[in-house]
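Before any comments, here is the structure.
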Ligand code: SF4
């Protein structure tokens, strides 16, 4: 797909979802890292129900390493995979204290080194916490829509992101990160895409086929 066609798609999606933004609640970059970790295999809505208590109880990285891990597990249990997530949260807090003086780092290279933070999460943090998007977070929605529309034929998130970065100008990174998620939640859903009411059906490979 050519850049001009992608821009057309972005503009149409922007008209459809003018308020598209991040749906995870957080007040600091450190908190966002935890919210993103909890959102794996869990809805943002559920994460937002858990984090107020978690963030009230644990305000700083040090608070997470000063309690038995079971205390964290108990609070985050409704998000699923809680043992693994709790382990990652503690490792994440520990590395931020030991290596970064308690402050979450601000580069992709450093973020992806933190326990529990992969490229997708690092992209979300760069965008939402630092307003400095470096790439496009490929979650389940971004993956599905990229494949259906024909932005990428790849299956692995990193390869899909590479394809998108070749055809999407940097100034649109912020919009694209939000729009793909919103479109995936509202119209281009996994089980039943509502193609007839889709604003980008004329550009979509799946629809045209
Ligand atoms: S036309 Fe259908 S498959 Fe294509 S983006 Fe729209 S909803 Fe998704």
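Is it the case that some residue within the stretch 61-77 is assigned to a loop (DSSP other than H, G, I, E, B) and either touching a helix residue (DSSP H, G or I) at 6+ places or on another chain (Cβ under 8 Å) or surrounded by 14 or more Cβ atoms within 10 Å (Cβ to Cβ) (or both)?
No, that holds for no residue.
Tally time: how many residues in the stretch 195-207 are in a loop (DSSP other than H, G, I, E, B) and under 12 Å from residue 150 (Cα atoms)?
Number satisfying all stated conditions: 2.
Mind listing just one residue for me: the one in the stretch 139-163 that is without any contact (Cβ under 8 Å) to a residue 24 or more places away in the chain and part of a loop (DSSP other than H, G, I, E, B) and, of those, nearest to residue 178 (Cα to Cα)?
Taking the candidates together, the pick is 152.
Given the residues 164, 127, which is the only one that is more than 13 Å from the chain's Cα centre (by Cα), at pLDDT 95 or above and more than 13 Å from the ligand (Cβ to nearest atom)?
164
So residue 136 fits all but one of (1) touching a residue at least 12 places away in the same chain (Cβ under 8 Å); (2) over 25 Å from residue 35 (Cα atoms); what number is the exception?
(2)
Can residue 58 be described as surrounded by 21 or more Cβ atoms within 10 Å (Cβ to Cβ), touching a helix residue (DSSP H, G or I) at 6+ places or on another chain (Cβ under 9 Å) and either closer than 30 Å to residue 195 by Cβ or in contact (Cβ under 8 Å) with a residue 60 or more places away in the chain (or both)?
Answer is no for this residue.
Can you tell me which residues in the stretch 131-149 are closer than 15 Å to residue 9 by Cβ and surrounded by fewer than 17 Cβ atoms within 10 Å (Cβ to Cβ)?
Passing the criteria: only 147.
Those residues that are under 25 Å from residue 126 (Cβ atoms) and surrounded by 18 or more Cβ atoms within 10 Å (Cβ to Cβ), I need them from the stretch 176-189; list them, please.
Result: 176, 177, 178, 179, 180, 181, 182, 183, 184, 188.
On the basis of being surrounded by fewer than 16 Cβ atoms within 10 Å (Cβ to Cβ), in a helix (DSSP H, G or I) and either without any contact (Cβ under 8 Å) to a residue 60 or more places away in the chain or within 15 Å of the ligand (Cβ to nearest atom) (or both), does residue 192 make the cut?
So residue 192 does not fit the description; no.
Taking the stretch 43-55 only, how many residues are surrounded by fewer than 14 Cβ atoms within 10 Å (Cβ to Cβ) and in contact with a helix residue (DSSP H, G or I) (Cβ under 7 Å, 6 or more places away or on another chain)?
Qualifying residue count for the region: 1.
Quick one: would you say residue 87 is in a helix (DSSP H, G or I) and modelled with pLDDT of 95 or more?
Yes; evaluated as a whole, the condition is true for this residue.
Determine whether residue 147 is within 16 Å of the ligand (Cβ to nearest atom) and modelled with pLDDT under 95.
Considered against the rule, which asks whether it is within 16 Å of the ligand (Cβ to nearest atom) and modelled with pLDDT under 95, residue 147 comes out as no.
The values are calculated or read from the model by the stated rules, or taken from the named source; none is laboratory data. Owing to the predicted nature of the structure, the values given are computational and were not obtained by experimental measurement. Neighbour counts run over all protein chains shown; Cβ positions are idealised from the backbone, glycine included.
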